[in-house]
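What follows is calculated from the coordinates using simple rules that are stated; it is not laboratory data. Because the structure is predicted, anything quoted here is derived from the model rather than measured. Every residue, glycine among them, receives a Cβ derived from its backbone with ideal geometry; neighbour counts consider all protein chains shown.
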Amino acid sequence: MKFSIYLFLSLLSFLSVSAQNTANECVFSENEFLEFKIKYLSFNTSTATLTNQKEVLNGKPVYHIVGEGKSSKFLSFFFKIRDRYETYMDTATYRPYRFVRDINEGGYKKDIIIDFDQTNNKAIVNNRKHKTTKQFDTSENIHDMISSFYYLRNVIDINHLKIGDEEQLTMFFDEENYNFKLKYLGEEIIRTKFGKIKCLRFRPSVMAERVFKEEESLSVWISKDENLIPVKISADLAVGTLSAVLNKYDGLKYPLEKVD
């Protein structure tokens, strides 16, 4: 089992809800920082962070969002992880122009850049490790695993969600288009180190194969406030349970709402 940011970001990417209004004001700031502690069973296995800054890519203003994963000091003795994922997404549409995956997990390495042609629905995959370039067809309005989360934070209409609602999103990863189905389960109060936070709970359907215990093995809790940040993620795996919990935050655009 690899305790990498890949699995953490995969869980985040399952948070898919339908677009309501991309003209809404952006919910995240240009210097937002989120840190999560990832546990497998009762062991702290790694830390995942998400950072954002505004830049220019090929003459276009973009949000450059970086997700990094690092194994704990103890786990690094046996399985060292140094993962870095990046997305460059348009500041108006939140659709990605570029996705970077540069990982080293116990000696297993990948170094891939994906450039998206959103006009012609193409993805150009540059494998820098193997020095190959391939082109693939994509669905319209395609996203990568990081941009999907930030895009959906900006279009979710939390005032019109009903328990049992199911939505879908298409994401391109490695060399394939992936379709995900997600069900809204309602509101819950989650206890955190920062206090009690009212959250929206979602459950995606996943392929119950080698990793996940069954099709409905994931749960994601998102703060029910203007930030819509992940507070907790839990996955029942074929062997044990993996969880990610918000550990630090900074630069939120709005105060994190807590309940008494």
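Rounded to the nearest 0.05, what FRET efficiency is calculated for Phe194 and Arg128 with R0 set to 45 Å and r the Cβ-Cβ distance?
In this case the efficiency is close to 0.70.
Using 0.36 nm times the number of residues separating Ile158 and Glu176, minus their current alpha carbon distance, what extension gain do you get?
Taking Ile158 through Glu176 to full extension adds about 3.5 nm, to one decimal.
Among the lysines, which fall within straight-line cross-link reach of Lys110, defined as a Cα-Cα distance under 19 Å, with same-chain neighbours fewer than 8 residues apart omitted?
Lys2, Lys70, Lys80, Lys129, Lys131, Lys134
Run the numbers for Phe136 and Ser76: contour at 0.36 nm per residue of separation, minus the present Cα-Cα distance, in nm.
Taking Phe136 through Ser76 to full extension adds about 18.0 nm, to one decimal.
Within a 10 angstrom radius of the beta carbon, how do Ile189, Ile65 rank from fewest other beta carbons to most?
If I rank by nearby Cβ atoms, fewest first, I get Ile189, Ile65.
By how many nm would the segment from Asn120 to Asn104 lengthen if fully extended, with 0.36 nm per residue of separation less the alpha-carbon distance?
Taking 0.36 nm per residue and subtracting the Cα distance, the gain is 2.5 nm.
For the pair Val56 and Asp250, how long in nm is the line joining their label points, each one 7 Å along Cα→Cβ?
Using points 7 Å along Cα→Cβ, the separation is 2.7 nm.
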